[in-house]
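The values are calculated or read from the model by the stated rules, or taken from the named source; none is laboratory data. On a predicted model such as this, the values are computed, not experimentally measured, just so you know. Quick reminder, even Gly has a Cβ in these numbers, built from the backbone with ideal geometry, and neighbours come from all protein chains shown.
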Amino acid sequence: MFAATFFAQPPAFAQAEAVRSEPGEGVICAWAIYSAMAEVGARCHPDEDADVQAELTLAVARLDAYVIANTTPPATIERIAEFKREQGMAGAPKEQLCRGAPEEMYKSVAARSPAEIRKTVDDLVARAGPPTWGTCL
């Protein structure tokens, strides 16, 4: 199951910016993480962490735009929605979303400043290239 394996790992993606990688490397991984964390924040913590949640929403939108601009043919809105359901936990039951590994991962991400989240995404989208899973975990 995605959540069990994906969230069992520490959020090492935050360290990815320190390593110069190929353009697009790790974008898909970060996109999945930030999509899931935005979902957890919005549905499990609706009145908390407003600045972090706003930055997560912006991060997901920026990664959406990067994926659209750097895939051939461009990703469709339908494919993006499918990705977010499959990898970003969009629409997952609250019982799955608001406890266990997803909740712990959210707490870790919410402890970061919006500027840290923005810097990570800035580094990922700075150079055009085909988005890949890379090694963000």
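Details
- The stretch 9-66 - residue that is polar (S, T, N, Q) and farther than 22 Å from Arg85 by Cα and, of those, modelled with the lowest pLDDT: Gln15
- If the condition is being of a type outside the set (Gly, Ala, Ser) and in contact with a Gly (Cβ under 9 Å, 6 or more places away or on another chain), then the stretch 20-36 contributes Glu22, Pro23, Glu25, Val27, Ile28, Cys29, Trp31, Ile33, Tyr34.
- Residues of the stretch 111-132 satisfying the condition of being over 28 Å from Ala75 (Cβ atoms) and either in contact with a helix residue (DSSP H, G or I) (Cβ under 7 Å, 6 or more places away or on another chain) or surrounded by 16 or more Cβ atoms within 10 Å (Cβ to Cβ) (or both): none
- Scanning the stretch 68-122 for residues that are β-branched (Val, Ile, Thr), touching a residue at least 40 places away in the same chain (Cβ under 8 Å) and under 15 Å from Ile33 (Cα atoms) turns up Val109, Ile117, Thr120, Val121.
- Filtered residues of the stretch 108-136 (kept if of a type in the set (D, E, K, R) and part of a loop (DSSP other than H, G, I, E, B)): Arg112, Arg127
- Those residues of the stretch 42-54 which are of a type outside the set (A, V, I, L, M) and either buried (at least 24 other Cβ atoms within 10 Å of the Cβ) or over 14 Å from the mean Cα position of the chain (by Cα) (or both), in sequence order: Arg43, Cys44, His45, Pro46, Asp47, Glu48, Asp49, Asp51
- Tally, over the stretch 56-78, of residues that are surrounded by 14 or more Cβ atoms within 10 Å (Cβ to Cβ) and among the acidic types (Asp, Glu): 1
- Subset of the stretch 87-110 [buried (at least 21 other Cβ atoms within 10 Å of the Cβ) and either at positive phi or out of contact with any helix residue (DSSP H, G or I) (no Cβ under 6 Å at 6 or more places or on another chain) (or both)]: Met89, Met105
- When Ser113, Ser108 are checked against the criterion of being closer than 23 Å to Ala65 by Cβ and among the polar types (S, T, N, Q), a single residue qualifies: Ser113.
- Selection of the stretch 67-98 for residues being in a loop (DSSP other than H, G, I, E, B) and at pLDDT 95 or above yields only Cys98.
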